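Enquirer: Take this structure, written in structure tokens, and hold onto it; I'll ask about it next.
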Amino acid sequence: MFLMDLEALLRYINERRVRIQLNDCFMSGYSSVRGTEPGIQDTFFAIASLQMLNAACPDDEIVSFIRNHDHLDLSRAYYAAGCLRLAGCMPELIDGKLEWRYRGEHHDIECFIPRTPLIRYFEYDLYGMYGSSIFSSSLGTLLKRLVLGAVSPDEEIEGIVRSALLLLEGSRELVRAHMALEILDAISERGSLVKLPESHIKILSRLLERCETARGYTPTPESTTETLESTYAGCMIARRLKYREPRGLRSFVDLLQNDNGGFRRSPFGGISALEHCYLALRVAGFGRDHESWSVR
């Protein structure tokens with residue numbers, strides 16, 4: 001049983017809510033930093049966490065907050081679509097616009113999506129500062145485009161699958177391996193079912209074993225300290241493969257909760273962030289896990 005203080009966590013999330021009145025309309029967004037404007041990414045992690053905790057969520061005001069944007073870049077479009085799905089909408093990217101219906105009304109926002117061929121994202125060695133976001137990387141950008149459906153008709157999906165599998169073969173980083181699996185998932189959801197070869201399952205198993213500690217997972221086999229992000233990635237992979245998780249996982253997650261109720265990324269200290277709360281809840285077993293690949 002996890003000992004995290006859920007009441008304190010709820011308080012932390014609710015205190016990061018920013019409520020805005022524009023004429024007769026109220027909007028709500030969230031920000032990890034008090035006194036700053038709400039952001040769509042922080043808003044997604046906040047309401048996803050609230051839903052995992054079965055807590056009340058201001059859906060109407062969240063949708064109004066999203067609708068008030070004139071345009072969205074790729075990252076904000078991805079998280080906006082996530083917010084809208086959590087509010088019960090079915091957003092779609094159509095002709096460069098994010099479109100959805102809410103309470104019988106149609107809405108759309110112009111989106112600026114990169115035209116970079118998807119296969120090129122594997123050529124970049126840009127994997128973002130984990131302190132900013134586990135998803136701020138070239139692979140994260142590829143994943144966002146796949147999930148949004150921002151894929152050109154002439155994209156070679158088979159080439160992307162091959163590149164993701166090659167990345168898994170040589171990966172020594174849990175976060176990169178996890179992102180490659182997420183990319184394969186997104187391709188499967190688009191209708192191109194991807195079966196993970198047994199050889200790759202064994203490679204992932206060895207990587208997990210080499211990164212596992214008594215209480216979590218290190219970013220690489222050479223690392224000596226667990227982080228929230230690497231432990232999240234390790235747990236997601238382990239659950240796919242139906243592997244046992246580290247015995248001290250619960251104590252590690254509990255250790256990351258700050259006095260203000262939020263979660264940090266390092267056992268050595270750090271500030272709370274809404275994304276860290278989301279990752280901690282997923283590690284703790286809240287939310288829906290992915291389908292599992294089992295060794296035959």
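Enquirer: Just give me the residues in segment 172-213 being more than 20 Å from Thr227 (Cα to Cα) and not in a helix (DSSP H, G or I), in sequence order.
Expert: Scanning segment 172-213 gives Arg190, Gly191, Ser192, Leu193, Val194, Lys195, Leu196, Pro197.
Enquirer: Now for a separate question. Considering only segment 218-256, state which residues are over 24 Å from Leu181 (Cβ atoms) and either β-branched (Val, Ile, Thr) or within 19 Å of the chain's Cα centre (by Cα) (or both).
Expert: Listed by number, the list holds a single entry, Thr224.
Enquirer: Another question, if that's okay. State which residue is nearest to Ala80 (Cα to Cα) when the search covers only segment 6-32 and only residues that are in a loop (DSSP other than H, G, I, E, B) and at pLDDT 95 or above.
Expert: Of all residues in segment 6-32, those in a loop (DSSP other than H, G, I, E, B) come to 16, 23-24, 31-32.
After this cut, where a residue has to be at pLDDT 95 or above as well, the list is 16, 31-32.
Values: Arg16: 18, Ser31: 15, Ser32: 17 Å.
So the residue we want is Ser31.
Enquirer: Which condition does Ser171 not pass, out of (1) free of Cβ contacts under 8 Å to residues at least 40 places away in the same chain; (2) touching a strand residue (DSSP E or B) at 6+ places or on another chain (Cβ under 6 Å); (3) more than 23 Å from Leu256 (Cα to Cα), if it passes all the others?
Expert: (2)
Enquirer: Which condition number in (1) within 25 Å of Phe286 (Cβ to Cβ); (2) touching a residue at least 40 places away in the same chain (Cβ under 8 Å); (3) in contact with a Lys or Arg (Cβ under 6 Å, 6 or more places away or on another chain) is the one that Thr220 fails?
Expert: All conditions pass for Thr220, except number (1).
Enquirer: Which one of the conditions (1) within 18 Å of the chain's Cα centre (by Cα); (2) within 30 Å of Arg264 (Cα to Cα) does Arg172 fail to meet, given that it meets all the rest?
Expert: Unmet condition: (1).
Enquirer: I'd like to know if segment 66-83 contains one or more residues that are touching a strand residue (DSSP E or B) at 6+ places or on another chain (Cβ under 6 Å), of a type in the set (Lys, Arg) and more than 30 Å from Pro153 (Cβ to Cβ).
Expert: no
Enquirer: If we keep just the residues of segment 240-266 that are open to solvent by less than 60 Å² (accessible area, probe 1.4 Å) and acidic (Asp, Glu), which is modelled with the highest pLDDT?
Expert: Within segment 240-266, the first condition is being open to solvent by less than 60 Å² (accessible area, probe 1.4 Å), and the residues that meet it are 240-241, 245-246, 248-249, 252-254, 256-258, 261-264, 266.
Cutting the leftovers down to acidic (Asp, Glu) gives us 245, 254.
Values: Glu245: 91, Asp254: 95.
Result: Asp254.
Every residue, every condition in (1) open to solvent by 40 Å² or more (accessible area, probe 1.4 Å); (2) closer than 13 Å to Ala273 by Cα, yes or no:
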| site | (1), (2) |
| --- | --- |
| Tyr12 | no, yes |
| Arg19 | yes, no |
| Gly29 | no, no |
| Val33 | yes, yes |
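Enquirer: State which residue is surrounded by the fewest Cβ atoms within 10 Å (Cβ to Cβ) when the search covers only segment 113-171 and only residues that are modelled with pLDDT under 75 and farther than 22 Å from Thr227 by Cβ.
Expert: Asp154
Enquirer: Looking only at segment 77-84, decide whether some residue is under 18 Å from the mean Cα position of the chain (by Cα), surrounded by 13 or more Cβ atoms within 10 Å (Cβ to Cβ) and under 30 Å from Ile201 (Cβ atoms).
Expert: Yes: segment 77-84 contains one or more residues that are under 18 Å from the mean Cα position of the chain (by Cα), surrounded by 13 or more Cβ atoms within 10 Å (Cβ to Cβ) and under 30 Å from Ile201 (Cβ atoms).
Enquirer: Also: Quick check on segment 85-112: of everything there that is small (Gly, Ala, Ser) and over 22 Å from the mean Cα position of the chain (by Cα), which residue is surrounded by the fewest Cβ atoms within 10 Å (Cβ to Cβ)?
Expert: Taking segment 85-112 as the starting set, the residues that turn out to be small (Gly, Ala, Ser) are 87-88, 96, 104.
When the remaining residues are screened for being over 22 Å from the mean Cα position of the chain (by Cα), the result is 96, 104.
On the way: Gly96: 12, Gly104: 5.
Here the residue is Gly104.
The values are calculated or read from the model by the stated rules, or taken from the named source; none is laboratory data. It should be emphasised that the depicted structure is a prediction, and the values quoted were computed from it without experimental measurement. Because the Cβ atoms are built from the backbone with ideal geometry, glycine has one as well, and the counts that use them run over all protein chains shown. Remember, those area values only see protein heavy atoms, side chains included, never the ligands or the DNA or RNA. Shrake-Rupley method; radii C 1.70, N 1.55, O 1.52, S 1.80 Å.
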